[in-house]
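Working notes, beginning with the structure itself.
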Amino acid sequence: MNILILGATGFIGSAVARKLADEGHQVTGLGRDIARASLKMPFVRWLKADLAGMTQGVSWQHVLDEQQVVVNCAGALQDGLSDDLSATQERAMLALYEAARDQRLLIIQISAETETADRDIPFLSTKRRADTALVASGVRHVILRPALVLGRNAHGGSALLRALAAFPMVIPLVYAESLVTTVALDDVASAVSAAIQDTLPAGSDVALGSDERLTLRELVLLHRSWLGLPAAPVISMPSAVARPVTWFADMAGRLGWRSPLRSTAMAVMSGGIENRRPQDHRPRLSSTAETLAAVPSGVQDLWFARLYLLKSPIIMILALFWLTSGLAPFLTFEAAQSHLAFLPDRLAGIMVVATCLADIMLGLAVLFRAWARRALIGMLFLTFVYLLAATFTEPVLWLDPLGPLVKVVPSILLTLAALAILDER
């Protein structure tokens, strides 16, 4: 079959694409950034598109040509610089249903459990309205509602589980006793395959989650054991402790960073993640222990877990370092200008202002996810320029007791570390 996968570059979408391609289907993947995905999965035909801009039926006409199945794996946790929740999860889907109405298409919707205590948060309400519209559209469909998805790789909530499990000495947890249902990523992909093969009949609305009732505490400790780390006590923290963290995470979301610590994720976790729907037609699903045992961890998993929560502080420290280095010379302008004594006073002043503004621009740019890579590369380039210039003009600074040039070397390594862990998927 010809199958179109929306969000094919994502955590679930990429696994579904690989599964269906292995089964012999002709898979087309749609995503916003497909450069790396096309290298990793050359067996998929790739279309570059942003669902947020596909909110009219005509936007889908050329995309749906010759397709027999559409699998919607796209979604967003909450609004941010890179995400428009309403457009992606609701308006684009309504346009898809309109375009699909006159075609013999099967739409497989990867949704979520939307009938929870926090059912009115935008993440759940947009999904619920899209699901309701799909049922009412008359288009053949299957709705799958996976719980917390665990796979060989990690993203979002599953990445946070690993990071929490790797905490040294003690593990601080908010909502430690909340119940969490999990489902293996492979089981989600298999459920999509079953829907395509009509093993899951059209019209099915299936909750995907194991029959376990694990608390968040138990789930984190299972991941700690999987990482090969010794047991550690869990400290239950009051929910108030999470508020400043979620506030900063939400602010980061407005700059394009998709943290699993944002307020939407915390709201969902506060009520637990459980299956609340009838389990008709549900296939047999792996337990959490079986899912983890099927993919033994390696040292790369431990590195990832330990570095995951350090990513934000690294970016913040670099931003503050460059902003401070750009602003400080304005407070002691003559002293800064004296380092360029070989230049005429006017030109030296211009150079100080120019370099200060460059530092400030890089310090601000690295805070925006879309500009972060270019900002980090700019930091490296400018640092080497500063080091070379200082070495030629004032080599004695290398021997200064305060080490103004020697201290630049750790900042270079921190910038390289930020570049190394910048990718999110």
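The values are calculated or read from the model by the stated rules, or taken from the named source; none is laboratory data. Values in this document were obtained by computation on a predicted structure and should not be read as measured data. All Cβ positions, even for glycine, are placed from backbone atoms using ideal geometry, and neighbour counts span all protein chains on display. Heavy atoms of the whole protein, side chains included, go into the accessibility calculation; ligands, DNA and RNA do not. Shrake-Rupley method; radii C 1.70, N 1.55, O 1.52, S 1.80 Å.
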Practice task
Within the range 29-40, track down each residue that is crowded, with 19+ Cβ neighbours inside 10 Å and more than 18 Å from the chain's Cα centre (by Cα).
Solution key: 29
Practice task
Kindly list the number of the only condition in (1) over 30 Å from residue 229 (Cα atoms); (2) among the polar types (S, T, N, Q); (3) within 31 Å of the chain's Cα centre (by Cα) that fails for residue 287.
Solution key: (1)
Problem - Candidates 131, 118 - the one that is over 22 Å from residue 27 (Cβ atoms), in a loop (DSSP other than H, G, I, E, B) and open to solvent by less than 70 Å² (accessible area, probe 1.4 Å) - result: 118
Practice task
Give the residue, chosen from 364, 382, 376, that is touching a Leu at 6+ places or on another chain (Cβ under 9 Å), within 30 Å of residue 259 (Cβ to Cβ) and open to solvent by 80 Å² or more (accessible area, probe 1.4 Å).
Solution key: 364
Problem - Residue within the range 41-52 that is surrounded by 21 or more Cβ atoms within 10 Å (Cβ to Cβ) and at pLDDT 90 or above present - result: yes
Practice task
Filter the range 61-91 down to residues that are in a loop (DSSP other than H, G, I, E, B) and either among the hydroxyl-bearing types (Ser, Thr, Tyr) or in contact with a Gly (Cβ under 6 Å, 6 or more places away or on another chain) (or both), then give me how many there are.
Solution key: 4
Exercise for the section: Inspect all residues belonging to the range 11-22 and state whether any of them is more than 23 Å from residue 265 (Cα to Cα) and surrounded by fewer than 16 Cβ atoms within 10 Å (Cβ to Cβ). Expected result: yes
Exercise for the section: Check 181, 132 and return the single one that is within 20 Å of residue 224 (Cβ to Cβ), out of contact with any helix residue (DSSP H, G or I) (no Cβ under 8 Å at 6 or more places or on another chain) and either modelled with pLDDT of 90 or more or not acidic (Asp, Glu) (or both). Expected result: 181
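Taking the stated definitions as given, is residue 193 of a type in the set (S, T, N, Q), open to solvent by 30 Å² or more (accessible area, probe 1.4 Å) and either farther than 17 Å from residue 222 by Cα or not in a helix (DSSP H, G or I) (or both)?
No: the conditions fail for residue 193.
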Handout entry: Those residues of the range 25-40 which are in a loop (DSSP other than H, G, I, E, B) and either aromatic (Phe, Trp, Tyr) or at pLDDT 95 or above (or both), in sequence order
Key = 25
Practice task
Considering only the range 308-336, state which residues are assigned to a helix (DSSP H, G or I), open to solvent by less than 70 Å² (accessible area, probe 1.4 Å), more than 20 Å from residue 408 (Cβ to Cβ) and of a type outside the set (Ser, Thr, Tyr).
Solution key: 311, 333
Practice task
Please indicate, with yes or no, whether at least one residue in the range 222-236 is open to solvent by 50 Å² or more (accessible area, probe 1.4 Å), closer than 25 Å to residue 11 by Cα, within 23 Å of the chain's Cα centre (by Cα) and not basic (Lys, Arg).
Solution key: yes
Problem - Number of positions in the range 237-261 that are surrounded by 13 or more Cβ atoms within 10 Å (Cβ to Cβ) and either among the polar types (S, T, N, Q) or under 20 Å from residue 182 (Cβ atoms) (or both) - result: 4
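Among 115, 90, which is the only one that is acidic (Asp, Glu) and at pLDDT 85 or above?
Selected residue: 90, the only one of 115, 90 that is acidic (Asp, Glu) and at pLDDT 85 or above.
Do you know which of the residues in the range 160-190 that are among the small types (Gly, Ala, Ser) and part of a helix (DSSP H, G or I) is farthest from residue 105 (Cα to Cα)?
Out of the qualifying residues, it is 165.
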Completion exercise
Quick count over the range 53-71, residues being in contact with a strand residue (DSSP E or B) (Cβ under 8 Å, 6 or more places away or on another chain) and either open to solvent by 10 Å² or more (accessible area, probe 1.4 Å) or at positive phi (or both), is 3
Exercise for the section: Within the range 5-24, identify whether any single residue is assigned to a loop (DSSP other than H, G, I, E, B), hydrophobic (A, V, I, L, M, F, W, C) and more than 23 Å from residue 424 (Cβ to Cβ), and answer yes or no. Expected result: no
Exercise for the section: May I ask you to say which residue of 309, 380 is among the hydrophobic types (A, V, I, L, M, F, W, C), within 30 Å of residue 229 (Cα to Cα) and within 30 Å of the chain's Cα centre (by Cα)? Expected result: 309
